[in-house]
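Remarks on the structure that follows.
The values are calculated or read from the model by the stated rules, or taken from the named source; none is laboratory data. Please read these numbers as outputs of a predicted model, since none were measured by experiment. Backbone-built Cβ (ideal geometry, glycine too); neighbour counts: all protein chains shown.
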Amino acid sequence: MSPHSNNFWRALLRAAANPQLLRASLKVALVVGCVLNAINQGAAILQASGISWPHVLLNFVVPFCVAAYSAARNQIRKT
């Protein structure tokens, strides 16, 4: 199935809505997000000053999206 087709995106969204996939993606996002925040804002977090809250959020959202997309695409390929 080509990533350029509407059927691909529908199948991807159906696969991504799987509760097990969402839980696994959330676990990945929590671990990776914590590591990214420690790397990117460690000093600001320890000093409790100058924390960029949008960046904190993005450090969790991006790994979640990557993990969910990757797992859903892998699931589509198996079927």
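Can you tell me which residue is modelled with the lowest pLDDT among those in the range 1-26 that are part of a helix (DSSP H, G or I) and exposed (fewer than 12 other Cβ atoms within 10 Å of the Cβ)?
Once the filter is applied, the top-ranked residue is Asn6.
Per-residue answers, yes or no, for (1) in contact (Cβ under 8 Å) with a residue 12 or more places away in the chain; (2) outside any loop (DSSP other than H, G, I, E, B); (3) among the small types (Gly, Ala, Ser):
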site: Val32; (1), (2), (3): yes, yes, no
site: Val35; (1), (2), (3): no, yes, no
site: Ala71; (1), (2), (3): yes, yes, yes
site: Gln75; (1), (2), (3): yes, yes, no
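So which residues in the range 66-79 are surrounded by 14 or more Cβ atoms within 10 Å (Cβ to Cβ) and more than 14 Å from Asn18 (Cβ to Cβ), if there are any at all?
Passing the criteria: only Val66.
Just the residues that are within 17 Å of the chain's Cα centre (by Cα) and of a type outside the set (Gly, Ala, Ser), please, taken from the range 30-39.
Residues satisfying the conditions are Leu30, Val31, Val32, Cys34, Val35, Leu36, Asn37.
Kindly indicate whether Trp53 is surrounded by 11 or more Cβ atoms within 10 Å (Cβ to Cβ) and either in contact (Cβ under 8 Å) with a residue 40 or more places away in the chain or among the hydrophobic types (A, V, I, L, M, F, W, C) (or both).
It is false that Trp53 is surrounded by 11 or more Cβ atoms within 10 Å (Cβ to Cβ) and either in contact (Cβ under 8 Å) with a residue 40 or more places away in the chain or among the hydrophobic types (A, V, I, L, M, F, W, C) (or both).
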